[in-house]
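Visitor: The structure follows.
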Amino acid sequence: MASYLENASQIAKEAGELLQGYFERRVTFELKGEHDLVTVADRASEKLIVDRLTALYPTHSILAEEGGGHGGASGYQWYVDPLDGTTNFAHGFPIYNVTIGLEYQGELIAGVIVDPVRKEVFTAEKGSGAFLNGQRIHVSKVSRLEDSIGVTGFPSRKRHQSVNIHFFYQLSMLSHGVRRSGAAATDLAWAACGRSELFWEFNLSPWDMAAGVLMVREAGGTVTDMRGAEFNLRGQHILADNTLIHQETVDLFKDVFAGKYADKLPQIG
Ligand code: IPD
Ligand code: CA
Ligand code: CA
């Protein structure tokens, strides 16, 4: 019998092929909120994934971004983002993914992130490591923030209330630079395989993070909230890093939270 991870990977790959077809044809978008896009591709991918998971595991609970999931009392909880990076996708900007994570009794046990553009399949299973197209991956060995690349994102909802620009600014000044890809699960997968040293973001949802959190941990990284406290999948903010620069990052973020650099932001206009 195929494992949860094997089945989830197969389903995510099929959803990725479906998305790539839409991506090449280009689709129009609708707005769910002021800057929150959704497309026919998000919905088609979610239906494929939820139908397939439900057929295999009818008693499992599924939380899916576009609302197609359902409850279940088995202790197994799936998290599905059928298209992470919808804004990129709708603009033809080629960074997006399909991500599926699985929790059992509150513990993340399996995750897959499929990048249909690069044909990259990231997988992780608790205690068994993280893999990219079947090859073991590890976080980077960079040990100083000043030698690092950081990655972040900004929420589509309540953007005006986001404090993240302060963190973005400080990290940009201190490191080799900060990137914003537009797909949180890709950001986590890339931290797991050493393409960046850290990823942080406010206002994420469990489906954005579930698979990627396990990926980073299984690749030797550390995942906490942005103050260095225990990570909570429903807690909305995350710091995922290569472990070596964890304390330095938490110390910097503590200063930013405390307003130490608030007056250093340049005023515009
Ligand atoms: C979004 C992306 C983006 C992040 C946003 C997410 P979606 O997911 O992951 O990188 O900055 O916070 O909402 O809406 O494209 O699935
Ligand atoms: Ca997402
Ligand atoms: Ca999505």
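The values are calculated or read from the model by the stated rules, or taken from the named source; none is laboratory data. Bear in mind that the values here come from a model prediction, so they are computed numbers and not experimental data. Note that each Cβ is placed from the backbone with ideal geometry, even for glycine, and that neighbours are counted across all protein chains shown. We work out accessible area using only protein heavy atoms, side chains counted, and drop any ligands, DNA or RNA first. Shrake-Rupley method; radii C 1.70, N 1.55, O 1.52, S 1.80 Å.
Visitor: What's the extension gain from Gln135 to Asp255 if we count 0.36 nm per residue and subtract their Cα-Cα distance? Could the numbers behind the result be given before it?
Guide: Values: separation 120, 0.36 × 120 = 43.20 nm, distance 3.83 nm.
Between Gln135 and Asp255, full extension yields 39.4 nm more.
Visitor: Let me ask something additional. Once fully extended, how much extra length lies between Lys32 and Gln105, figured as 0.36 nm per residue of separation less the alpha-carbon to alpha-carbon distance? Before the final figure, lay out the partial values.
Guide: Working: separation 73, 0.36 × 73 = 26.28 nm, distance 3.17 nm.
Length gained, Lys32 through Gln105: 23.1 nm.
Visitor: Over all distinct alpha-carbon pairs, what is the Kirkwood Rh of the chain in angstrom?
Guide: On the way: mean 1/r = 0.0536 Å⁻¹.
It works out to 18.6 Å.
Visitor: Quick check: pseudo-label points 7 Å beyond the Cα along Cα→Cβ at Asp147 and Tyr169, how many nm apart are they?
Guide: Roughly 2.9 nm, to one decimal.
Visitor: Now a separate question. What length, rounded to one decimal in nm, is gained on full extension from Val40 through to Arg118, with 0.36 nm per residue of separation minus their alpha-carbon distance?
Guide: 25.9 nm
Visitor: Tally the DSSP beta bridges in the range 67-153 and give the antiparallel ones as a percent, rounded to 5. Kindly include the intermediate steps, with their values, before the conclusion.
Guide: Values: 26 of 26 bridges.
Beta bridges within the range 67-153, antiparallel portion: roughly 100 percent.
Visitor: Could you work out what % of the accessible surface of the chain is carbon and sulfur, using a 1.4 angstrom probe and leaving DNA, RNA and ligands out of the count? Please list the in-between numbers first.
Guide: Details: 6300 of 12260 Å².
After summing per-atom areas, the C and S share lands at 51 percent.
Visitor: When the Karplus curve 6.51 cos²θ - 1.76 cosθ + 1.60 is applied with θ = phi - 60°, which whole-Hz ³J(HN,Hα) does each residue of the range 34-39 get, with x for Gly and Pro?
Guide: Karplus values, whole Hz, x for Gly and Pro: 3, 10, 10, 8, 9, 10.
Visitor: What do the square roots of 5 times the Cα gyration tensor eigenvalues come to for the range 2-136, in whole Å, largest first, as semi-axes of the equivalent ellipsoid? Please list the in-between numbers first.
Guide: Details: eigenvalues 119, 66, 28 Å².
Gyration-tensor ellipsoid for the range 2-136: 24, 18, 12 Å.
Visitor: Then there's this: For the range 113-123, just list the computed ³J(HN,Hα) in residue order, Karplus coefficients 6.51, -1.76 and 1.60, θ = phi - 60°, integers in Hz, with x standing in for Gly and Pro.
Guide: 10, 10, 9, x, 6, 8, 6, 10, 10, 9, 9
Visitor: Please list, in chain and number order, the residues 5+ apart from Arg179 or on another chain whose amide H is under 5 Å from its amide H, with Hs placed from the backbone.
Guide: So Arg179 has HN proximity to Gly150, Val151, Thr152.
Visitor: Determine the distance separating the Cα centre of the range 1-20 from the Cα centre of the range 73-93; give it in Å without decimals.
Guide: 13
Visitor: Where does helix 4-25 land angle-wise versus the long Cα axis of the chain, in degrees 0 to 90, nearest 10?
Guide: Orientation of helix 4-25: about 80 degrees from the principal axis.
Visitor: Could you tell me which of the pairs Lys141/Lys254; Lys119/Lys141; Lys32/Lys126 are separated by over 28 angstrom between their Cα atoms in the structure shown? Display every interim value, and only then the final one.
Guide: On the way: Lys141/Lys254 23 Å; Lys119/Lys141 25 Å; Lys32/Lys126 34 Å.
Table pairs above 28 Å Cα-Cα are Lys32/Lys126.
Visitor: Ignoring ligands, DNA and RNA, what accessible area per residue does the chain give at 1.4 Å, in Å²?
Guide: Details: 12260 Å² over 269 residues.
Accessible area per residue, the chain: 46 Å².
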